[in-house]
Each structure stands twice: as structure tokens, then as C-alpha cells.
Amino acid sequence: MDMTGSAHGIDRLTPEALLRYPPSVFTAYITVLLPLAKIPRRLNIARITFVPKSDGLTSPSDYSSISFSPVLLLSLHKVLQHLWTSLFPVEGLHFAFLKRDGAFKAIALLRTLP
């Protein structure tokens, strides 16, 4: 579950800073979150920034969007992804927890069209 080299999240915390804490701190935090079955509002936020793809911007499709989420939430997603995929095989058309890029998303979307 490597997140090193990632940018800081909206919480201004980097994955490297999170790794400086003892693993028991993160484990305790997850142990509190999981029974709640709900992400606290403070962690359930994201900032979306639009980045221009090229010069001569004339329409919304000329921009790519990047989402900045709290690093704690991303770390929780990584833990859940690791647990989930170790217990259940992932089928090709399921999007949850798949490592993918834009090309993968486009191909999977085309496969679902009638």
C-alpha cells in the first residue's frame, strides 16, 4: 500500500507525515471508524481543481479535473481495498478498488454500452 511520493491532501497531511506516527495510532483510528459505518464529515470532503489540457481553451472538455481528498481518507481506502481484494476476486467490469487509468475507464465504459 505505497502512497509515498504523493502530494499532500486537503488536510495538508502527506503520506510520509502519516507514516511518522506509530502504526497503532492509524490502527486505532480505523478501529473507531469501521464500526461507525460512516465517514466523519470532516474527512468526507474534497476539493476539485480544473487543470487546462492545452492552450486555446474554449470549452469545459479542454480541462482535466483533479480531486484533492484528505490523506487519512485515502489511506483508509487503501486499507479497505487491500482487505476487499484479498477476500474477493475482482471482475473486469467492477470499478471499485481497481487500479486503473483513463484508458482503462474508457474501455470499460465502452464495454458496458449496448
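Derivation of every value follows stated rules applied to the coordinates shown; laboratory data play no part. Not measured: the values here are computed from a predicted model. Using ideal geometry, Cβ is built from the backbone for each residue, glycine included, and neighbour counts are taken over all protein chains shown.
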Check your understanding: Can you list the residues, at least 5 places off or on another chain, whose amide H is less than 5 Å from the amide H of LEU13, using H built in the peptide plane?
Key -> VAL71
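Starting from 0.36 nm per residue, how many nanometres of slack lie between LEU19 and ILE48 once their C-alpha separation is accounted for?
7.9 nm
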**Study point:** Calculated Rg and Dmax of the stretch 15-89 using C-alpha coordinates, Å
**Key:** 17.1, 51
**Study point:** Mean-position separation - Cα centroids, the stretch 68-84 and the stretch 11-41, in angstrom
**Key:** 9 Å
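Which order do LEU19, LEU74 fall in if you start with the one that has the fewest other Cβ atoms within 10 Å?
On the way: LEU19 13, LEU74 19.
Ordered from fewest to most neighbouring Cβ atoms within 10 Å, LEU19, LEU74 come out as LEU19, LEU74.
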Review point. Based on Cβ point charges of +1 for Lys and Arg and -1 for Asp and Glu, what charge dipole magnitude is obtained for the stretch 15-89 about its Cα centre, in debye rounded to the nearest 20?
Key: 320 debye
